[in-house]
1. Quick one: in the range 85-96, of everything that is touching a residue at least 60 places away in the same chain (Cβ under 8 Å) and either open to solvent by 50 Å² or more (accessible area, probe 1.4 Å) or of a type in the set (S, T, N, Q) (or both), which residue is farthest from residue 140 (Cα to Cα)?
2. Do we have residue 161 as part of a helix (DSSP H, G or I), within 16 Å of ligand 2 (Cβ to nearest atom) and closer than 21 Å to residue 187 by Cβ here?
3. Could you check how many residues of the range 165-191 are open to solvent by less than 20 Å² (accessible area, probe 1.4 Å), within 12 Å of ligand 2 (Cβ to nearest atom) and not in a helix (DSSP H, G or I)?
4. I'd like to check something: does the range 135-143 contain any residue that is within 14 Å of ligand 1 (Cβ to nearest atom) and not hydrophobic (A, V, I, L, M, F, W, C)?
5. What pairs come up if the first residue lies in the range 131-154 and is more than 17 Å from residue 71 (Cα to Cα) and of a type in the set (Asp, Glu), the second is open to solvent by less than 60 Å² (accessible area, probe 1.4 Å) and within 12 Å of ligand 1 (Cβ to nearest atom), and their beta carbons are under 7 Å apart, counting only those six or more places apart or on different chains?
6. Being open to solvent by 30 Å² or more (accessible area, probe 1.4 Å) and either among the acidic types (Asp, Glu) or closer than 26 Å to residue 11 by Cα (or both) narrows it down to one residue among 57, 64, 78; which is it?
7. What are the pairs, 6+ residues apart or on separate chains, where a residue within the range 25-44 that is among the small types (Gly, Ala, Ser) has its Cβ under 8 Å from a residue that is surrounded by fewer than 20 Cβ atoms within 10 Å (Cβ to Cβ)?
Amino acid sequence: MLTMEDVIREGHPTLRKVADEMTLPLTNEEKELADKMLEFLINSQDPELAEKYELRPGVGIAAPQVNVSKRMIAVHVPSEDPEETDPEFSGILINPKIISHSVQQTCLSEGEGCLSVDREVPGYVPRHKRIRIKYFDIEGNEHNKRLKDFPAIVVQHEIDHLNGVMFFDRIDPENPLALPDDVDILGSDTQ
Ligand code: NB4
Ligand code: NI
């Protein structure tokens, strides 16, 4: 099981590397890591388990955050509707790539946090509002998917980790609450 002890923090060189493309089929070791990453997210969103194992809640995690410099991310975004048990978007994405995106941008009203950053960094993080991504799943099947708003923001935050980019790199250092044209603000209470 992965815990916060497995998560490397700001300053660790792996977080600034461009992660390696993965070759398919995955090895058993890679598949086990994929399972553990998704399990970490699900556990972290369960209040009892999160407290028991001292997990910070997460909706996404990238392999470089557990010091594995490979292009693999896990995402677990629950539905906004509390009646709905199926997540809005959940899975392991191997070699994810943004193939197109909207001109319009969006950002979370409360800014972003990161499991690898033990401090609050205020400021808007502009993201594409809509993206089309290509990726492979654990079985090696290729997927082509459109995402918008919150799930799109999560996937962009995770793909940034594969490229050695941290969320605060995207905050305007002069004016953290400055918003460029064509950016809308997504209430954090929408999740
Ligand atoms: C990745 C996210 C930061 C901004 C916005 C938010 C949380 C993370 C980091 C975009 C992607 C992890 C990976 C949350 C969270 C809303 C949904 C459902 C019920 C609790 C959960 C809390 F946990 N960020 N954490 N940060 N990262 N929303 N939610 N809620 O996930 O560093 O690279 O369970
Ligand atoms: Ni992060």
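The values are calculated or read from the model by the stated rules, or taken from the named source; none is laboratory data. Keep in mind that what you see is a predicted model, and the values were worked out from it rather than measured. Here the Cβ positions follow ideal geometry from the backbone for every residue, glycine too, while neighbour counts run over all protein chains shown. Note: accessible area is taken over every heavy atom of the protein model, side chains too, but ligands, DNA and RNA are not part of it. Shrake-Rupley method; radii C 1.70, N 1.55, O 1.52, S 1.80 Å.
1. 88
2. Details: part of a helix (DSSP H, G or I): yes; within 16 Å of ligand 2 (Cβ to nearest atom): yes; closer than 21 Å to residue 187 by Cβ: no.
For residue 161, the condition - part of a helix (DSSP H, G or I), within 16 Å of ligand 2 (Cβ to nearest atom) and closer than 21 Å to residue 187 by Cβ - is not met.
3. Looking only at that region, the number is 1.
4. Checking the range 135-143: not a single residue is within 14 Å of ligand 1 (Cβ to nearest atom) and not hydrophobic (A, V, I, L, M, F, W, C).
5. Qualifying pairs under 7 Å: 149/106; 149/186.
6. 57
7. As it stands, the answer is 34/138; 44/50; 44/56; 44/57, since those pairs meet every condition given.
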